[in-house]
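Okay, structure first, notes after.
The values are calculated or read from the model by the stated rules, or taken from the named source; none is laboratory data. The shown structure was predicted, so the numbers you read here are calculated from the model rather than taken from an experiment. We place every Cβ from the backbone using ideal geometry, glycine too, and count neighbours over all the protein chains shown. Please note that ligands, DNA and RNA were not included when accessible areas were found on the heavy atoms of the full protein model with its side chains. Shrake-Rupley method; radii C 1.70, N 1.55, O 1.52, S 1.80 Å.
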Amino acid sequence: MSDYETHTFDVLVIGAGGAGLRAAVETEAAGATTAVVCKSLLGKAHTVMAEGGIAAALGSVWPEDSWQVHFRDTMRGGKMLNNWRMAQLHAQESPDRVLELESWGALFDRTPDGRILQRDFGGHRYARLAHVGDHTGLEMIRTLQDRAVAAGIEVFMECKIIRLLTDPSGAVCGALGLWRESGQFVVFHAKAVILASGGIGKTWKFTTNSWEGTGDGHALALWAGAELVDMECIQFHPTGMIWPASARGLLVTEAVRGDGGILKNRDGERFMFSYIPEYYADETADTIEEADKWYDDKTFRRPPELLPRDEVARAVNAEVKAGRGSPHGGVYLDIASRRSPEYIRRRLPSMYQQFKELADVDITTQMMEIGPTCHYAMGGVRVEADTEASTVPGLFAAGEVAGGMHGANRLGGNSLSDLLVFGRRAGIGAVEYARGLQHPPVPDPGEVEAAAAAALGFFDHGGPENPYAVHQDLQEAMQSLVGIIRTEADLVRAVELLDELDGRARAVAVEGPRQFNPAWHLALDLQSMLAVARATTLAAIARRESRGGHTRDDYPDPDPEHFGKLNMVVRLDKGTVTVTERPIPPMPDELAALLAAER
Amino acid sequence: MTPHADTPTTGGTGAPPTVTLAIWRGDAGGGAFRDYTVRAIEGEVVLDVVHRIQAELAGDLAVRWNCKAGKCGSCSAEVNGKPRLMCMTRMSTLDTTAPITISPMRAFPVMRDLVTDVSYNFAVARRIPPFAPGPPTGDGTYRMAQFDVDRAQEFHKCIECFLCQNVCHVIRDHEENKPRYAGPRFFVRVASLEMHPLDTLDRRQLLRTELGLGLCNITKCCTEVCPEHIHITDNAIIPLKERVVDAAYDPVAWLGRKILRRARPTPAAEAAASSPAQQHNEVIVTDPPAVSGD
């Protein structure tokens, strides 16, 4: 193989979104030499697209709020599949992380008395999301980016990691990367590696995710021997754009509903009142009058439009299937009839612009057409809650690539806070681990050679396949067979298709130079997407019940006695992806008591 | 492919409608425009067509993009010579009777096809002294009135597409100016810090010298191309120029204005009492090192 450059750091962070940058800031501050590697330019990671806000029980709008209520909302939103310790740490620490971000320069919208304003979101009992209009993710990433730059952290931009490297004991001790610009390889030696690579949405056809969301971190962890958890739980965000076709899937923030927007079907009916599940009946308004009072008085119950996302996405799906959808196959999201144009433009500037420029729709006077879109992977690398250590020594994970925090369904706003809380904790965990090593581990050069040769193979073998075509077929398969509503027959068919697609992906031929060649990058990304698709599909077959972001038409109800007490764990066993059941550890009494409390 | 998503722009019984893009292909050694003709689909943006060309005709066509929603600022290019985000430029706004030219941003060296080397921008970013807040209020948090954060919030909307840098004629046709000129994006960045209610540093000296604010002669080209509609010239550059002038020639006037701004009453007495102005502490950045030769 051609030669490659080598860099050595204490900690290597893969991904430069909110979790990766927050982790890197922590490790650098602790004195560990740190590198951040990212597939795009710095500041472009998918965090930049987060809109609504950061959930944290600051209590600046509703002093009644507390970490205990946030914990309860999160666990109930996750349908109790969550790693309860992560949910506890998240609820307890997110207020400090938000205030810390402010002290680093973030400028949140303000309350009249000058504190951080918080907005309502689905599944949250109180207005809890610290925000900046509807571009909170941009504020977070720029603040962390500036902080990282000021700290002098080395950032390797436009570099894709294609393999984690391990020492003979199996511990992770570095990574093999590919400079997208030059097409040359780069090897990182590191005592600890933090995965912060985000999500997997590009495996589906209609998604809010950017091109980067190809599940690289999930796949890298799997290949390195780590366990993934809850991979069957995929969040379909209820409100994605559906028209024009080219914009289909783009996120329409939940803040539209948090700020007063409602859902209507073709007949103008506010249909969510027909979809209030028993589980949420005690905390959801069942009349329009009560729902509309809730925004100003939290003694009333929440509008059903603000049920958790899994519930709303299924309801939208059902309305369309019942023939009550909009002309392009969605439903209507209406804020125009509910709030003043001035209020809408101030609170939702990005949505106003997005619809105006892409769809010729003025959301201050017209309704939006929306439908579900693949948004978020609840599942990911199984980590130890306090340190984010994976089941492989030396490998840590934080943010969307990690699993457990959100259970079967994530509440809106809990992702940005997750990035900060567990990005920081992963940084602390990785530094502690690195300091405890007697001898820095050394990667096996043979591993580098083999992975690099495999990557270069796409140029040589003259196979018949176009990577773009394989990707489109993968997206079609996952969209139609492993979507919002699943059946055993569809899932089994998906596995057959994945077998075929695996073969086709290996037969991809890439033409052109190694320098910035998107077809080559996609050929490599396909390896990750196919691994993730298989993990998701097999876990979905194994969970024979419906729960959160996993709905089975053939098992439409939750099974609290069996599957409600289990996480599905995916790992590689001698090259084969396997799924096993793992009992959820019992919750301490003091946390269980919080869940038993009245709404 | 995705037949049900494909609605032709026009009906009729003839061949499906097509569109032709003339895309610049090449690298640092040179290149040329090449025509690519693909199906036209209603409602698409330029980036959609570029993607279809990638998928069907030119797999190795190099282009940056991420969000495809105007939020990340990755897909900047020149469409018929006009600097635009390709993801927010609808095909219906362009004349499709002739090939539409797509070329890389001109102010930055070409790497390959539509991808340019924008490392200049990241180098400038490293030279700007970071945010330095004063101490918080007694309870450990900060208080700021919405009125006081509005100005800096406008600048925080910047998505770093670098289109403003691309059109700024101080550097667009004068590579030699880059080492001594920060460009509109980073004047916006400095403005966001200078107008941040909590910040305590003073970057005026740096603006005057190393960042080359004086080279800008406010032609507003940057403001015109900003996809976030930030009033770069009026709200960032001109106020910064005034501050620099005040600092250089009339420190009393500058101090007076700063005190007046800081002392503006906020809606709640509590907020006013705990304003960071109470502990405000001006720190003047020492002279920056001399800029190396052009």
- Note on the structure: For B:Met105, A:Met367, the accessible-area ranking with a 1.4 Å probe, largest leading, is A:Met367, B:Met105
- Item | Potential lengthening between A:Glu449 and A:Glu432 on full extension [0.36 nm per residue; Cα-Cα distance subtracted] | 3.1 nm
- Between B:Glu176 and B:Ala98, take the C-beta separation as r, use R0 = 30 Å, and let me know the FRET efficiency to the nearest 0.05. 0.25
- Task: Using a Förster distance of 60 angstrom, determine the FRET efficiency expected from the C-beta separation of A:Glu476 and B:Tyr249, and round it to 0.05.
- Result: 0.35
- A:Tyr343 accessible area, assembled protein chains, probe 1.4 Å, Å²: 60 Å²
- Would you calculate the separation in nanometres between label points at A:Ala29 and A:Glu269, each defined as 7 Å from the Cα along the Cα-to-beta-carbon direction? 5.3 nm
- Among the aspartates and glutamates, which fall within straight-line cross-link reach of B:Lys241, defined as a Cα-Cα distance under 15 Å, with same-chain neighbours fewer than 8 residues apart omitted? B:Glu194, B:Asp202, B:Glu210, B:Asp250
- Task: Quick one: net charge around A:Leu165, please, counting Lys, Arg +1 and Asp, Glu -1 for every other residue with C-beta under 14 Å from its C-beta.
- Result: -2
- Return the average number of partner chain Cβ atoms within 10 angstrom of each residue Cβ along peptide A:92-101. 1
- Item | Modelled label reach - B:Phe33, point 7 Å along Cα→Cβ, segment B:65-102 residues with backbone N closer than 17 Å | B:77-84, B:94-102
- Note on the structure: Here the whole-number average of other chain Cβ atoms within 10 Å per Cβ of A:131-142 is 3
- Computed E for A:Thr365/A:His439 - FRET, C-beta separation, R0 45 angstrom, nearest 0.05: 0.10
- How about A:Lys298: which lysines have a C-alpha closer than 28 Å to its C-alpha, ignoring those fewer than 8 places off in the same chain? A:Lys79, A:Lys264
- Rank A:Phe396, A:Phe459 by accessible area, highest first, at a 1.4 Å probe radius? A:Phe459, A:Phe396
- Reachable lysines from B:Lys71, criterion Cα separation under 27 angstrom, eight or more residues apart if same chain: A:Lys39, A:Lys44, A:Lys160, A:Lys202, A:Lys205, A:Lys356, B:Lys82, B:Lys157, B:Lys178, B:Lys220
- Query: Tell me, what is a quarter of the convex hull surface for the C-alpha atoms of the protein assembly as shown, in nm² with one decimal?
  - Reply: 36.0 nm²
- Query: Based on the alpha-carbon gyration tensor of segment A:143-275, what equivalent-ellipsoid semi-axes (square roots of 5 times the eigenvalues) come out, in whole Å, largest first?
  - Reply: 39, 19, 15
- Query: For A:Arg424, what accessible area in Å² do you get when you roll a 1.4 Å probe over the heavy atoms of the protein chains, rounding to the nearest 10?
  - Reply: 60 Å²
- Task: Provide A:Trp294, A:Trp67 ordered by accessible surface of protein heavy atoms (probe 1.4 Å), highest first.
- Result: A:Trp67, A:Trp294
- Item | Accessible area per residue in Å² at 1.4 Å probe, computed on segment A:182-255 | 14 Å²
- Task: Whenever you get a sec, compute what percent of the accessible area on segment A:419-508 sits on carbon and sulfur atoms (1.4 Å probe).
- Result: 54 percent
- Can you work out the accessible area per residue across segment A:59-103, with the rest of the protein chains kept in place, probe 1.4 Å, in square angstrom? 28 Å²
- Query: Once label points are set 7 Å from the Cα along Cα→Cβ at both A:Asp292 and B:Glu242, what is their separation, rounded to one decimal in nm?
  - Reply: 4.5 nm
- Item | Area hidden from solvent between B and A (accessible, protein heavy atoms only, 1.4 Å, total, Å²) | 5100 Å²
- Item | Percent carbon-and-sulfur accessible area, segment A:1-84, ignoring ligands, DNA and RNA, probe 1.4 Å | 53 percent
- To the nearest 10 Å², what's B:Val79's accessible area with a 1.4 Å probe? 10 Å²
- Message: If you take each beta carbon of peptide B:119-127 and count the beta carbons of other chains within 10 angstrom, what is the mean?
- Response: 2
- Item | Relative contact order of segment B:3-116, defined on C-alpha pairs under 8 angstrom at six or more residues apart (%) | 29 percent
- Task: Skip the ligands, DNA and RNA, and give the accessible area per residue of segment B:3-116 with a 1.4 Å probe, whole Å².
- Result: 39 Å²
- Report in % the part of the accessible area of segment B:3-116 that belongs to carbon and sulfur, leaving out ligands and nucleic acids; probe 1.4 Å. 53 percent
- Message: Could you give each residue of segment A:224-232 its phi-based ³J(HN,Hα) in whole Hz, using Karplus coefficients 6.51, -1.76, 1.60 with θ = phi - 60°, and x for Gly or Pro?
- Response: 7, x, 7, 9, 9, 9, 6, 5, 6
- Query: Residues of segment A:29-55 with accessible area at least 30 Å² lower in the all-protein-chain context than alone (1.4 Å probe)?
  - Reply: A:Leu41, A:Lys44, A:Val48, A:Met49
- With label points built 7 Å along Cα→Cβ from the Cα atoms of B:Asp139 and A:Ala469, find their separation and express it in nm. 6.4 nm
- Query: Which of the trypsin sites (Lys or Arg not before Pro) across segment A:433-507 are loop residues per DSSP, with 11 or fewer other Cβ within 10 Å?
  - Reply: none
- Just which residues of segment B:59-104 lose 50 Å² or more accessible area with every protein chain there, against their chain alone, with the probe set to 1.4 Å? B:Asp60, B:Arg64, B:Trp65, B:Asn66, B:Lys71, B:Met88, B:Arg90
- Protection proxy ranking, peptides B:149-155, A:556-562, A:93-99, average beta carbon neighbours within 10 Å, highest first: A:93-99, B:149-155, A:556-562
